[in-house]
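Laboratory data are not the source of any read-out in this text; all were calculated from the coordinates shown. A quick note: this is a predicted structure, and the numbers were derived from the prediction, not measured. So basically every Cβ, Gly included, is an ideal-geometry build from the backbone, and we count neighbours across all protein chains shown.
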């Protein structure tokens, strides 16, 4: 298997204080041998492009990933403009993740019509890719249009575009128009296998990456305890979705987490059993974490983007993930 930026683990830059510590954490990730840093854009939290630019400015090798942004809050022409600017700061090191976000944020909270999201993704990928390729674009779609637009400074090299999608139709679209799929957090090995099966017709360099909760400690029970609130939160957020069904987590089992999420209560962390952790996260001793990585590698995952729980010391986790887990991923990927 060819190796590249996916041959080492990546890191998600998220949590409280990201803007003020993005440069520190990006430097630490690169120094620890991690191959990429990724910035989520969850509304209404820190903006992805500003954090990505800060990370890009202090790194020299690692990929800067946007995972993911959407074409509703930024018109596709603006996405292309922002991405080209980031690619000028970090030439050849930018990966763009695009998704449709969700109706609650887009329509209910911001009053932006949320229509035919798959059509919107198709149109936005075409506009963004053509602009990043340096073309002068006139395009009239159902949702988005540009008239005689050309970027003043398109990026010097091709920017891969990945889609943050889950459903069968959306995955088929990704196989047709994108360079890969960026799986949501709680993507189990079974979900990765479904993504691979659904996108089997894509070209050979098609990537599948995922946000995976990761915590490592010499005390495995302690690492799992750090992880429980994070997994509980996302079980509530993703209740009833196919990504949990893929992991064997029925709606009845995630219902208590959903109730806590809706009520605004603290996540029901005490209900997160070890089997739930094993299904959707990597937490334990270094040896246990390395063993868990094998399950995702065997399922066909190209890159693990580590989401570190806030209970763990992120600086320590970055160093340990880079030293103790990333080399194991390289061996799994490149053997």
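Brief remarks follow.
- Gain on full stretching of the segment that runs from residue 274 to residue 16 - 0.36 nm per residue minus C-alpha separation: 90.2 nm
- DSSP bridge orientation in the chain - percent antiparallel, rounded to nearest 5: 10
- For the chain, built as a Gaussian network whose Cα springs stay under 10 Å, the top-fluctuating residue of 62, 322, 204: 204
- Ordered by the count of other Cβ atoms within 10 Å of each Cβ, fewest first, 334, 183, 289 give 334, 289, 183.
- The slack between residue 88 and residue 75, meaning 0.36 nm per residue of separation minus the straight C-alpha distance, is 2.7 nm.
- Annotation for residue 222 and residue 118: the two label points, set 7 Å from Cα along the Cα-Cβ direction, are 4.8 nm apart.
- Classified by the C-alpha gyration tensor, the stretch 239-335 has an oblate form. Its axis ratio a/c, with a ≥ b ≥ c, is 1.5 or above, and a/b does not exceed b/c.
- Taking the stretch 202-275 and dividing mean pair separation by its residue count, relative contact order in percent (alpha carbons under 8 Å, at least six apart): 29
- Here the residues 40, 227, ranked from fewest to most Cβ neighbours within 10 Å of their Cβ, fall in the order 40, 227.
- Reported label for calculated P(r) over Cα pairs in 20 Å bins from 0, in percent given [x] 26, 45, 24, 5; [y] 31, 57, 11, 2; [z] 32, 61, 7: [z]
- Using a Förster distance of 51 Å, the FRET efficiency for residue 108-residue 27 (Cβ separation, nearest 0.05): 0.85
- Per-residue ellipticity at 222 nm computed for the chain from its helices equals -13500 deg cm²/dmol, with DSSP H segments shorter than 4 residues left out and the rest contributing -39,500 (n - 2.57).
- Percentage relative contact order, the stretch 218-335, counting C-alpha pairs under 8 Å, at least six apart: 31
- Taking all Cα pairs closer than 8 Å and separated by 6 or more residues, the relative contact order of the chain comes to 19 percent.
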